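K.L.:
I have a structure I would like to understand better, so I am pasting it below and will then ask my questions one at a time.
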Amino acid sequence: MGAVKTKRMPRAVREQQMLDAAVRIFGQRGYMAASMDEIAEVAGVSKPLVYLYLNSKEDLFTACIRREAAALTEAVQSGVRPGLGADRQLWDGLRAFFTHTAQHPDAWSVLHLQARTHGERFAAEVTTMREEIVAFVTRLIGAAAREARPRTLGCAGAADRPQDPDRPEPGLSIPDRPGPDRPGLDPDLPEREVAGLAEALVGAAESLAAWANSTEGVSARQAAATLMNFAWAGLGNLMEGRPWSPTDPDHPGRA
């Protein structure tokens, strides 16, 4: 293979070009099978230049994880529209998450599969990203619980709220937020319960994104609506004071 000729360009631009190529190769080949030769060829640079900029394969992979983790976190947080109800904000966040992972499948492979299975150093980078997203979802669930406080008859009901053009299609609808016709809701979910719900929701989103990316015909919107319907129905029961609990088959009614 001959030397790769490169045009002069700013270092930051060239580095992003290398990271783009690396994410593609790591995502498609896997960390162990990916070669610096192939990454350099896809980036259109020489292998020595890749080492000059990013030191080693390990450092290059770490840089990929950090960049893609920051991009995913930013996509989720910026996708949420402030001022809407908590259910709408959760819906926006889920849709942003599934849209981003669908549009960047190689990046999602790096974060969800490769980084978690090739050493503690890489896994720790993804854990940091995940903790930030879990904290964000925890705040949304907490806000949903606060919104569930009983409303007076003077409050606006569902018919008075503006229509959301991004509401899921029929059959994939999100239950309405509590209103004056749904009194007696309990906003006092224990802090540990809220944290556990956020962990469960993020874990489900991660698994569903991997499934959606490998299943033909599943759109980001459909994946988001599936998880929203699954999660919001359960959250609604909790906030209405109707938690599920196992019963003892030998003593009906006893948990």
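K.L.:
Go through Leu84, Leu54, Met36 and say which Cα lies farthest out towards the positive end of the charge dipole of region 32-114; charges sit on Cβ, +1 for Lys and Arg, -1 for Asp and Glu.
P.N.:
Leu84
K.L.:
Could you work out how far the C-alpha centroid of region 105-146 sits from that of region 26-59, in angstrom?
P.N.:
25
K.L.:
Could you size up the charge dipole of region 1-87 around its Cα centre, putting +1 on the beta carbon of Lys and Arg and -1 on that of Asp and Glu, and report it in debye to the nearest 20?
P.N.:
About 380 debye.
Any read-out appearing in this document is the output of simple, stated calculations on the displayed coordinates, not a laboratory observation. Note that this is a predicted model, so its numbers are computed, not measured. We place every Cβ from the backbone using ideal geometry, glycine too, and count neighbours over all the protein chains shown.
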